[in-house]
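> Sharing a structure here in structure tokens format.
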Amino acid sequence: MEASTDRIAEPWGARTPYGPDRAWPARTDTHLRAGVAPGDVERWVQSASVLHSNGDAMDIAVAGGRIVGVRGRAGDRVNRGRLGPKDLFGWQAGASPDRLTRPLVSEGGRLVESDWETAMGRVVARSKELLQRHGPGAIGFYTTGQLFLEEYYTLAVLARAGIGTNHLDGNTRLCTATAAEALKETFGCDGQPGTYADVDHADVIALFGHNAAETQPVLWMRMLDRLDGYAPPALVCVDPRPTPVARRAAVHLAPRPGTNVALLNALLHEVIRNDGVDHAYVRAHTVGFEELAARVSTCTPAWAARVCDVPAASIGRAAEIICGAERLLSTVLQGVYQSHQATAAAVQVNNLHLLRGMLGRPGCGVLQMNGQPTAQNTRECGANGDLPGFRNWQNDEHVADLARVWNVTPQTIPHYAPPTHAMQMFRYAEQGSVRMLWISGTNPAVSLPELARIRRILEQERLFVVVQDLFLTETAQLADVVLPAATWGEKTGTFTNADRTVHLSEKAVEPPGEARPDLDIFLNYARRMDFRDKDGGPLITWHDAESAFEAWKKCSAGRPCDYTGLTYGKLRGASGIQWPCTEQAPDGTERLYTDGITWAHPDVCESYGKDPVTGAPVEPVEYRSLNPGGKAVLKAAAYLPPHEDTSPEFPLHLTTGRTLYHFHTRTKTGRVPQLTAAAPEVWVELSAGEARARGLGEGDVVEVATARGAVRGRLPVTAMRDGTVFLPFHYGYWDTPEGHQPPKEAGRAANETTVTDWDPVSKQPLFKTAAARVTLVERGDGTPAPAPTTTASAPAAPGSVPPTTGGPDAHALHTTTAGEHRP
């Protein structure tokens, strides 16, 4: 059956209900540029989504040398043909007329067009000068979560073994660092235990700070189809806002921001009190139960209710559902990762599963989700600073093994201290020890906290800034050299989603002008720098994407993220495949820990863990004493109050987040007509109670201010919890009437207001725990707030503002077969 739907107005499309332990029915979504018919498409080129972490497989439609649309891949395990709004429409950004097509260099304070020889000559000359005068610590690399595996791996090799710097991180530090750290703390190693297919089997799905409906809309489609089928799972939702997930939940817990550990400790208390513990599993596969039980012994629902401002009965009901689950799936994202005690909270979700023995079986899994399409590759390949292949920087044998792979001496690879995280790297730049910062595919002048400070750092004369991107972003405007990069569909490579599924993305069209693939840029830099191995040969021996992939396979061999069973040929034309994929598991591995805990032994683990309060690394001897047999660690954590709390001057908790129709700083989605129209401008969201207390109404222009800065926007009145104000973080200043000027008073970027603070373990910035006030700027003129009505920002009074629609240009076709129903 074929039908057409406005996918802005109906972002999750039509339902195909199915029951437990059945296959998710296929539904193929297609959108072509207006005026292009299916018969006009000359060829379809394999790829997957680049605007979220779900990894939706798709084919790119090409006609006349241009991308003209996309369709979902019905045979793929991840999406079974479905696409979300950003998938369906986001491809248009690549053809935006303001793409960078030539290198730019700074002359007299202005960026002017140049050529690759001049631009790369300046980058190489400054690199060599700094290495000679100041050493490798003067150079830092800050990358993204949107490049391909082959590009991250090349960057990691040239930075760690070529330059020899410890200053290498990705903007995955802002979105997925806590996911990695939580997995290391519990299981000794990164890698998602669960799989999206667990949705097909679970009878309880608990989402902790994860608005799946907006951040992974196709995963939410899978959940919706289960909810609409027979024997649906019960949902438990933890989120301060009335998300689409919350509206379908059996229990919605809306805690005060910054209190996640208190809430989770109460859930653990109830599981233990009601004897929901699988004692045989805990004895066989974990250490630390006694300490955890003692820690949560006083964390009753009544105690947590006072801390979290959540009804004790609701906490008890959520614990009852979790205790009664036969197959429990949990997901975690930014509501935990970007909040106070981020890693400590995420680890408690792991603890729930260990106590209940809910791992390694269909429907029993944890997904410590990612925010970006290739965040997993950043971590695997070491572009987040960790050693590639999930090796342990504190383990000399791991360092020596990596040195063998790269044919360098172990001393070449910096491992004298923990890798430098992004927030520390910018601090070093502020203090003057980092004097060159190469920023690829990310926009810290909008995405990092306390933006006035970030701009001051990037504007320093002594700091040489290289920006590699598609557009003249807010960050690129502050650069000394700007390198025009190719984007998705213009280059070939692989990328791995949040449940370890590897997809191949093939080149469909040529990049515009002189833009080059990121891999080519890194290889060119390595050649010009003449990086050598210990025998005098080239350090980097590969020359294109496929040869880089083959080199990575050798690095991954024998490690948790083993890719040795994968090839481009195997990925071409087929479904994505989950790692580890080896000779013993040629079709990939759906779930980890099906036969006990695999990578926590002291000899093989990626990390010995960290102190949950200070973040100090645990010493190898201490870890070996705690966990000699390599079991999962039930790591306990006490609730601690947030560093910045409310006050009479700043009486509200500020939380920032995403919306369904945009991605990160809108570098791409802000150039897509359908997505821009759906959420065109920043807004400031309050509950009906908080709006009433301030005499504010729908559409009023208000200012939200903190001790660091202010943002102005129109007010939507929603059903979110009292005491909280919400800002979407996507909006910078590149498309303001003032042009490319940063805000002078109140801006539109949420991070003008956020605090320079981070989780001690994961070093992830805390975007959800600032204190703020909201004041009236001017009364509304009848213009509604630009918040989409289809999302968590739906009006508290239904029908009070016009519904968000997309119109004819937002229609997409979907093809389905009959859904499964109860016999």
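> Checking the condition at pLDDT 95 or above and touching a Pro at 6+ places or on another chain (Cβ under 9 Å), which residue from D87, D98, D76, D29 passes?
D87
> Right, something else. So which residues in region 669-686 are in contact (Cβ under 8 Å) with a residue 40 or more places away in the chain, surrounded by fewer than 23 Cβ atoms within 10 Å (Cβ to Cβ) and over 11 Å from G713 (Cα atoms), if there are any at all?
Result: G670, R671, P673, A677, P680.
> With the checklist (1) in a loop (DSSP other than H, G, I, E, B); (2) at pLDDT 95 or above in hand, flag the one item T614 doesn't pass.
(2)
> Could you grab me the full set of residues in region 234-245 that are touching a strand residue (DSSP E or B) at 6+ places or on another chain (Cβ under 6 Å) and either among the small types (G, A, S) or crowded, with 24+ Cβ neighbours inside 10 Å (or both)?
Listed by number, the residues that qualify are A234, V236, C237, V238, P240, V245.
> What number of residues within region 658-712 satisfy the criterion of being part of a strand (DSSP E or B) and in contact with an Asp or Glu (Cβ under 7 Å, 6 or more places away or on another chain)?
Residues that pass the stated criteria total 5.
> For region 398-410, what are the residues that are in a helix (DSSP H, G or I) and either outside the structural domain of L387 (by TED's automatic domain parsing) or more than 20 Å from D603 (Cα to Cα) (or both)?
Residue satisfying the conditions is W406 alone.
> Within region 132-146, restricting attention to residues that are out of contact with any strand residue (DSSP E or B) (no Cβ under 7 Å at 6 or more places or on another chain) and surrounded by 16 or more Cβ atoms within 10 Å (Cβ to Cβ), which residue is farthest from S447 (Cα to Cα)?
In this case the residue turns out to be P136.
Here is a yes/no grid of residues against (1) more than 15 Å from D29 (Cα to Cα); (2) not in a loop (DSSP other than H, G, I, E, B):
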residue: R80; (1), (2): no, no
residue: L83; (1), (2): no, no
residue: K86; (1), (2): no, yes
residue: W91; (1), (2): no, yes
residue: R102; (1), (2): yes, no
residue: V105; (1), (2): yes, yes
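> Next question. Looking at (1) more than 30 Å from G513 (Cβ to Cβ); (2) out of contact with any strand residue (DSSP E or B) (no Cβ under 9 Å at 6 or more places or on another chain); (3) not in a helix (DSSP H, G or I), find the lone condition where A34 falls short.
(1)
> Out of the strands (runs of 3 or more DSSP E) lying entirely within region 450-535, which hold 3 or more residues that are surrounded by 23 or more Cβ atoms within 10 Å (Cβ to Cβ) and not hydroxyl-bearing (S, T, Y)?
Answer list for region 450-535: 464-469, 481-484, 501-505.
> Please give the number of the condition R453 fails out of (1) out of contact with any Phe, Trp or Tyr (no Cβ under 7 Å at 6 or more places or on another chain); (2) touching a residue at least 12 places away in the same chain (Cβ under 8 Å); (3) under 28 Å from Q132 (Cβ atoms).
(3)
> Is it fair to say T492 is free of Cβ contacts under 8 Å to residues at least 40 places away in the same chain and polar (S, T, N, Q)?
Working: free of Cβ contacts under 8 Å to residues at least 40 places away in the same chain: no; polar (S, T, N, Q): yes.
No: the conditions fail for T492.
> I need the full set of residues from region 645-663 which are small (G, A, S) and over 27 Å from P373 (Cα atoms), in order please.
Hit for region 645-663 is S647, nothing else.
> As an exercise: evaluate G209 against (1) over 24 Å from the mean Cα position of the chain (by Cα); (2) at positive phi and give the number of the one condition it does not meet.
(1)
> Related question: Restricting attention to region 73-100, and to residues there that are within 16 Å of A574 (Cα to Cα) and under 20 Å from the mean Cα position of the chain (by Cα), which single residue is surrounded by the most Cβ atoms within 10 Å (Cβ to Cβ)?
N79
> Under the condition of being among the small types (G, A, S) and crowded, with 20+ Cβ neighbours inside 10 Å, which residue from region 589-627 is nearest to L640 (Cα to Cα)?
G609
The values are calculated or read from the model by the stated rules, or taken from the named source; none is laboratory data. Fair warning: this is a prediction, and the values are worked out from it, not measured in the lab. Quick reminder, even Gly has a Cβ in these numbers, built from the backbone with ideal geometry, and neighbours come from all protein chains shown.
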